[in-house]
Amino acid sequence: MELLLAHPFALWLAVGGVLLTVEVATGSGWLLWPAGSAAVTAVLVLATPLDLTAQAVIFAGLTILTTLTGRRLFPHATVLGGGDINDTRARLTGADGVAAGDFAGGRGRVFVDGKEWAADLEGGAALASGSRVLVTRVSGARLTVRPG
């Protein structure tokens, strides 16, 4: 610890590294801004000698400023009606798509949410390539769709 206190640049890089590691592990989005603030504090300390109290005040101020600004400029992505963007069922159910190819026997592939998915057509009828579809259900990696 004495080594880090003697070299504040290394201290703030270590703090930023720990915060970034925890952010990557949790994916919360809350620790990204303090990690960046620690990196900026490290650069400031490298440019001008500051005591530990001033460094902590700068870090705290930058953390508050970047967190508030970041939350305003980059709001969390949510599905319609709230929820987790990583929940495929909630995110895809009700989404519009396009048939990526002809459906035969009620089975085919659709392009939804930037990806191509295996799909079953409600009613098992045929569907032409390029037809609009609506996702009604998600079962594993397979979607159930209806013409829409």
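Every number in this text was worked out from the coordinates using simple rules, so none of it is lab data. Please read all numbers here as calculations on a predicted model, not as lab measurements. Ideal geometry is used to build each Cβ from the backbone, glycine not excepted, and the neighbour counts take in all protein chains shown.
Numbers at a glance
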read-out	value
Residue satisfying all of: in the range 35-78; surrounded by fewer than 12 Cβ atoms within 10 Å (Cβ to Cβ) and among the small types (G, A, S); farthest from E23 (Cα to Cα) among these	A47
Which numbered condition A119 fails, given (1) buried (at least 17 other Cβ atoms within 10 Å of the Cβ); (2) over 30 Å from the mean Cα position of the chain (by Cα)	(2)
Any helices (runs of 4 or more DSSP H) falling wholly within the range 1-53 and containing at least 1 residues that are among the β-branched types (V, I, T) and under 15 Å from I64 (Cα atoms)	32-47
Subset of the range 122-148 (residues that are under 16 Å from V98 (Cβ atoms), touching a residue at least 40 places away in the same chain (Cβ under 8 Å) and surrounded by 14 or more Cβ atoms within 10 Å (Cβ to Cβ))	L134, V135, T136, L143, V145
